[in-house]
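Presented below is the structure to which this report refers.
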Amino acid sequence: MERKDFETWLDNISVKFLSLTDLQKNETLDHLISLSGAVQLRHLSNNLETLLKRDFLKLLPLELSFYLLKWLDPQTLLTCCLVSKQWNKVISACTEVWQTACKNLGWQIDDSVQDALHWKKVYLKAILRMKQLEDREAFETSSLIGHSARVYALYYKDGLLCTGSDDLSAKLWDVSTGQCVYGIQTHTCAAVKFDEQKLVTGSFDNTVACWEWSSGARTQHFRGHTGSVFSVDYNDELDILVSGSADFTVKVWALSAGTCLNTLTGHTEWVTKVVLQKCKVKSLLHSPGDYILLSADKYEIKIWPIGREINCKCLKTLSVSEDRSICLQPRLHFDGKYIVCSSALGLYQWDFASYDILRVIRTPEMANLGLLGFGDVFALLFDNRYLYILDLRTESLMSRWPLPEYWKSKRGSSFLAGEVSWLNGLDGHNDTGLVFATSMPDHSIHLVLWKEHG
C-alpha cells in the first residue's frame with residue numbers, strides 16, 4: 001500500500017476506533033495482537049513500558065513532587081529512596097518532609113537550618129533513639145558510694161550532683177566520672193542547693209546554713225524556724241534566701257547578712273517545697289521579670305510576690321480538691337509560665353497568667369505517679385518500680401525504665417531529675433548525662449544515665 005493511501009486508511013480506522021466502546025476497543029486490540037508477529041510484539045512491548053511506567057517524580061516540577069511526598073509516612077519515604085538515584089535525590093532534598101518527621105518524633109527543629117540532607121540524617125538518628133527508649137535500651141545505671149549514713153537531700157546542676165547526708169557531711173560529685181569533687185562537714189541535711197562557690201543547706205536542726213566549698217567553712221547561719229527545714233532556694237541578684245519548714249512557715253532571709261526579712265504564714269501543713277523563679281508572663285498580679293515565690297505543702301501551693309516590697313501577701317492558693325481529700329505529690333514544677341504538680345487524680349497544669357487549670361492528664365497507668373520533670377514535649381514521672389517518659393502531645397506513656405528498691409522520702413528530697421532540656425524536645429545532643437538520681441538504703445546514690453548513641 002502506498003504511503004498516501006496508508007495514511008488515509010489509518011485516519012479512517014482511527015476515527016472508527018475512537019467511536020467504539022471500551023469493550024470493543026479491547027476486543028479490537030486483542031485481535032490485532034493475535035495477528036502480530038515477533039517484530040510487532042517487541043515494538044509493542046518497548047513502547048508500552050515508556051507509556052505506562054512513567055517516572056512521575058522525574059517528570060513533575062520539584063514543588064509538586066514535594067507536595068506529594070508530604071503525604072507519605074517517613075518509613076515509606078525511606079523505602080522510596082531505594083527505587084532509584086533520582087528518587088533518592090528528590091526525596092532527600094525535601095526539607096519540610098524530614099523536619100516534620102523529626103518534629104513528630106519529639107525532636108527540636110531549627111527552622112534556620114534548611115539543609116534537607118541534614119534533617120534526613122537527624123531523623124535516622126531520632127528513630128534509633130526512640131526505638132532504644134521503646135526497647136528499654138536508652139539508659140544505663142551507675143552508683144556513687146561515699147556516705148556512711150542515709151542521704152536525705154540531692155541537688156543537680158551542670159553535671160554536678162550534691163548529696164547531703166545524716167553522716168553530717170555534704171559531697172559534690174562529678175556525674176560523668178563518678179568522682180567526689182568536694183566533701184565538707186555540715187549539719188544534718190534535709191535540703192541542699194549549690195553554685196560554684198557555696199552550698200546552702202536546710203537541716204533537721206531547724207536552721208539554714210551557707211558553706212564555702214573551697215574551705216568547708218560555714219559563712220552564714222540562719223536561725224528562726226521552730227521545725228525542720230525541708231526546702232531552700234536563693235537568688236544572688238536579689239540577695240534573698242527562702243526556706244520552707246515543718247513549722248508551717250516560709251521565711252525570707254537576707255542572703256549575705258543572714259537576717260530574717262519576713263515570715264510568710266498561711267500553710268497548715270509542713271512546707272516541703274519552695275521555689276524562687278522569675279515570672280515570664282503578664283497578668284493583673286505580676287509582670288514578666290517579677291520574681292515569684294512558690295511554696296507547697298501536702299494540699300496547697302501558695303504564690304507570693306518577691307520584689308522590692310518584702311512584706312508581701314499571698315497572691316493565690318492552688319489546690320486540686322477544696323475539701324483537702326486529695327494530696328499533692330511533693331515535687332513541683334514552675335518555669336515562670338506554668339505550674340505543674342502530680343496527685344492521685346493525675347497530673348495538673350496551671351496557667352500562671354490566669355491561675356486557671358489548663359489540663360489534667362489522667363490515665364489508668366498514671367495513678368499516683370510522681371512528677372520529676374515537665375517540658376513542652378515530654379514529662380518524666382516515676383513510682384516505686386519504674387521511671388516513665390510521658391508524651392505530652394498524646395498524653396500516653398511511651399517508655400519506662402526499671403528502678404531498684406530505693407529509699408523514697410515523703411518530702412521528695414531524696415530523688416530528682418538530672419538534665420531536663422530534652423523534655424522540651426530531643427535534638428541529638430541533649431540526650432546525654434544524668435536522667436534520674438535517688439538515694440539507696442545502703443547509703444549509695446543510684447544514677448540513671450543516657451546511654452551513648454549506638
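The values are calculated or read from the model by the stated rules, or taken from the named source; none is laboratory data. Note that the coordinates shown come from a computational prediction; the quantities given were computed from them, not determined experimentally. Ideal geometry is used to build each Cβ from the backbone, glycine not excepted, and the neighbour counts take in all protein chains shown. Keep in mind that these areas ignore ligands, DNA and RNA; they rest on the heavy atoms of the full protein, side chains included. Shrake-Rupley method; radii C 1.70, N 1.55, O 1.52, S 1.80 Å.
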Exercise. For region 57-206, state the average projected area of the convex hull of the C-alpha atoms over all orientations, rounded to one decimal in nm².
Key: 13.3 nm²
Quiz item: Which entries of LYS157/LYS408; LYS85/LYS121; LYS89/LYS120; LYS193/LYS313; LYS53/LYS121 show an alpha-carbon separation above 19 angstrom in the structure shown?
Solution: LYS157/LYS408; LYS193/LYS313; LYS53/LYS121
Quiz item: What percent do you get for the relative contact order of the chain when only Cα pairs under 8 Å and 6+ apart count?
Solution: 11 percent
Quiz item: Over the Cα atoms of the chain, Rg to Rh with Kirkwood Rh, two decimal places?
Solution: 1.25
Quiz item: To the nearest 0.05, what FRET efficiency results for THR100 and CYS260 with a Förster distance of 41 Å applied to their C-beta separation?
Solution: 0.15
Self-check item: Spin-label pair GLN40/GLN86, simplified geometry with 7 Å Cα→Cβ offset, distance in nm
Solution: 3.1 nm
Self-check item: Within the chain, helix-based [θ] at 222 nm, where runs of 4 or more DSSP H residues each add -39,500 (n - 2.57), nearest 500
Solution: -7000 deg cm²/dmol
Quiz item: LYS131 to ASN12: FRET efficiency via 1/(1 + (r/R0)^6), r the Cβ-Cβ distance, R0 56 Å, to the nearest 0.05?
Solution: 0.30
Exercise. Could you run the Karplus curve 6.51 cos²θ - 1.76 cosθ + 1.60 with θ = phi - 60° over region 183-193 and give me ³J(HN,Hα) per residue in whole Hz, x for Gly and Pro?
Key: x, 10, 7, 9, 8, 5, 9, 9, 8, 9, 8
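From the P(r) of region 257-331, could you give the percentage of C-alpha pairs in the tail past 20 Å?
Beyond 20 Å sits 35 percent of the P(r) for region 257-331.
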Quiz prompt | Per residue accessible area in Å² of the chain, where ligands, DNA and RNA are left out and the probe is 1.4 Å | solution = 51 Å²
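Given a cut-off of under 8 Å on Cα pairs at least six residues apart, what relative contact order in percent is computed for region 329-454?
Dividing the mean separation by the residue count of region 329-454 yields 16 percent.
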Quiz item: Which is the longest part of the chain that has none of the GluC sites (Glu not before Pro) sitting in a DSSP loop with at most 10 other Cβ atoms within 10 Å?
Solution: 3-195
Exercise. May I ask you to derive the FRET efficiency for LEU32 and LEU64 from their Cβ-Cβ distance with R0 = 35 Å, giving the value to the nearest 0.05?
Key: 0.45
Self-check item: the chain - percent of accessible surface contributed by carbon and sulfur, probe 1.4 Å
Solution: 52 percent
Quiz item: Taking amide H positions as placed 1.01 Å from N in the peptide plane, with prolines and chain starts having none, which residues 5 or more places from LYS198, or on another chain, fall under 5 Å of its amide H?
Solution: TRP213
